[in-house]
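Peer 1: Here it is, the structure, as structure tokens.
Taken together, the values in this text are just the output of simple stated rules run on the coordinates, not laboratory data. It should be emphasised that the depicted structure is a prediction, and the values quoted were computed from it without experimental measurement. Cβ atoms come from the backbone with ideal geometry, glycine included; neighbour counts cover every protein chain shown.
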Amino acid sequence: MKKILLIVGIMLGALVLIVILAVLFTPWMDRWGSSTEERMQKLPGDGFLTNPARITNRGITIHAPVEKVYPWILQIGADKSGMYSYTWLENLVNCKMAKDETIHPEWQNLAAGDLMKMCAGDFAPPPYIVAEVLPNQAVTFGHTTNDTWEETWQFVLLPQPDGTTRLITRTSTNMIGGIWEGIRPIVFVMERKMLLTIKGLSER
């Protein structure tokens with residue numbers, strides 16, 4: 001009995017620690033890599049969810065023009081190039097994921113209404129819907145409930161005077177509280193890796 005209580009105590013302690021760390025680091029995770037100006041800036045895709053409960057901005061500088069970055073954004077999806085994140089971890093939880101690091105012309109015709117799959121296998125969260133495609137500017141994905149947007153995930157390309165590109169992701173969502181708060185640190189880790197991978201592929 002003492003052993004069981006010890007294990008339960010350790011598990012509860014670990015859970016409390018995770019919650020505390022998530023609360024402490026959430027502001028940093030929610031703005032990772034983005035500037036104050038970028039967070040305040042109106043971006044393509046903002047109009048789909050006008051009064052979200054939470055907004056997350058992340059960004060990275062890519063030493064390549066927007067034309068080199070944009071094709072990789074179009075190929076996001078479990079049945080295309082993958083999610084550009086930790087494929088081994090996604091496959092570990094039975095979320096089958098492609099990993100194709102080449103540009104495919106047949107994947108470059110993304111359009112509003114298309115689906116972006118998070119997993120290629122039978123076990124999968126609901127796919128994202130493509131809300132808007134602005135060539136060499138932005139792609140917005142999202143989830144709806146009763147035909148109303150409740151979450152958008154924007155990939156925005158901002159060309160810089162020195163020829164580099166700022167890739168900004170903005171997530172606007174009404175999915176907050178409860179389990180969503182526990183998922184947020186995982187999403188941050190995966191999205192950070194995604195941005196770094198897109199950077200590497202674009203600069204290659």
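Peer 1: Highest first, please rank the peptides 147-156, 50-59, 35-44, 68-77 by the mean number of other Cβ atoms sitting within 10 Å of their residues.
Peer 2: Numbers: 147-156: 18.8, 50-59: 16.7, 35-44: 13.2, 68-77: 21.2.
Per-residue mean Cβ counts within 10 Å order the peptides as 68-77, 147-156, 50-59, 35-44.
Peer 1: Taking every eigenvalue of the Cα gyration tensor of the chain, multiplying by 5 and rooting it, what semi-axes result, largest first, whole Å? Intermediate results must be reported in sequence, preceding the final value.
Peer 2: On the way: eigenvalues 185, 80, 65 Å².
Semi-axis lengths for the chain are 30, 20, 18 Å.
Peer 1: Additional query: Between Ile183 and Thr145, what's the calculated FRET efficiency when r is the beta-carbon distance and R0 is 30 Å? Round to 0.05. Intermediate results must be reported in sequence, preceding the final value.
Peer 2: Working: r = 18 Å, r/R0 = 0.59.
E between Ile183 and Thr145, to the nearest 0.05, is 0.95.
Peer 1: Quick one: putting +1 on the C-beta of Lys and Arg, -1 on the C-beta of Asp and Glu, what dipole do you get for region 97-204 around its Cα centre, in Debye to the nearest 20?
Peer 2: Taking the Cα centre of region 97-204 as origin, the dipole is about 400 debye.
Peer 1: Taking only complete DSSP H runs, can you tell me which helices of the chain stretch 18 Å or more along their own long axis by Cα positions and average at least -1.0 on the Kyte-Doolittle scale?
Peer 2: Values: long enough: 2-30 (40 Å, 2.10); 179-203 (36 Å, 0.49).
Helix filter hits for the chain: 2-30, 179-203.
Peer 1: A further question on this structure: So how far apart, in nm, are the two label points at Met190 and Leu134 if each is 7 Å from Cα heading toward Cβ?
Peer 2: With each label point 7 Å from Cα toward Cβ, the separation is 2.7 nm.
Peer 1: Multiplying the sequence separation of Ser35 and Ile176 by 0.36 nm and subtracting their Cα-Cα distance, what value in nm do you get?
Peer 2: Details: separation 141, 0.36 × 141 = 50.76 nm, distance 2.37 nm.
Length difference between fully extended and current span is 48.4 nm.
Peer 1: How high is the FRET efficiency from Gln160 to Glu101, r the C-beta distance, R0 22 Å, rounded to 0.05? The partial results should precede the final answer.
Peer 2: On the way: r = 25 Å, r/R0 = 1.12.
With R0 = 22 Å, the Cβ-Cβ based efficiency is 0.35.
Peer 1: Skipping prolines and chain starts, which residues have an amide H placed within reach, meaning under 5 Å, of the one on Met116, given they are 5 or more residues away or on another chain?
Peer 2: Tyr128, Ile129, Val130
Peer 1: Per DSSP helix of 4 or more residues, -39500 (n - 2.57); summed, then divided by the residues of the chain. What does that give at 222 nm, rounded to the nearest 500? Don't skip to the answer; put the middle values down first.
Peer 2: Working: 5 runs with 74 residues, N = 204.
Value at 222 nm, helices only: -12000 deg cm²/dmol.
Peer 1: Within the chain, how many Lys pairs sit with Cα atoms under 22 Å apart, leaving out pairs fewer than 8 places apart on the same chain?
Peer 2: Going through the chain pair by pair, I get 16.
Peer 1: Let me see the P(r) profile for region 70-158: every Cα-Cα distance counted, bins of 5 Å, each bin given as a percent of all pairs.
Peer 2: Distribution as computed: 3, 15, 24, 24, 20, 11, 3, 0 percent.
Peer 1: Let me ask something else. What is the calculated FRET efficiency for Trp28 to Arg204, with r their C-beta to C-beta distance and R₀ = 25 Å, to the nearest 0.05? Provide the component values of the computation, followed by the final result.
Peer 2: Working: r = 29 Å, r/R0 = 1.16.
The calculated FRET efficiency here is 0.30.
Peer 1: Once you sort the root eigenvalues of the Cα gyration tensor of region 43-112 as a ≥ b ≥ c, which label holds: rounded (a/c under 1.5), prolate (a/b larger than b/c) or oblate (the other case)?
Peer 2: Details: a/c = 1.69, a/b = 1.23, b/c = 1.37.
In terms of gyration-tensor shape, oblate.
Peer 1: Say the dipole of the chain comes from +1 at the beta carbon of Lys and Arg and -1 at that of Asp and Glu; which of Met190, Tyr70, Asn174 then lies farthest toward its positive end?
Peer 2: Result: Met190, furthest along the dipole toward the positive end.
Peer 1: For the peptides 158-165, 108-115, 82-89, what is the packing order when you average, over each peptide's residues, the other Cβ atoms within 10 Å and list the highest mean first? Working shown, then result.
Peer 2: Details: 158-165: 13.4, 108-115: 11.9, 82-89: 18.0.
Top of the packing list down: 82-89, 158-165, 108-115.
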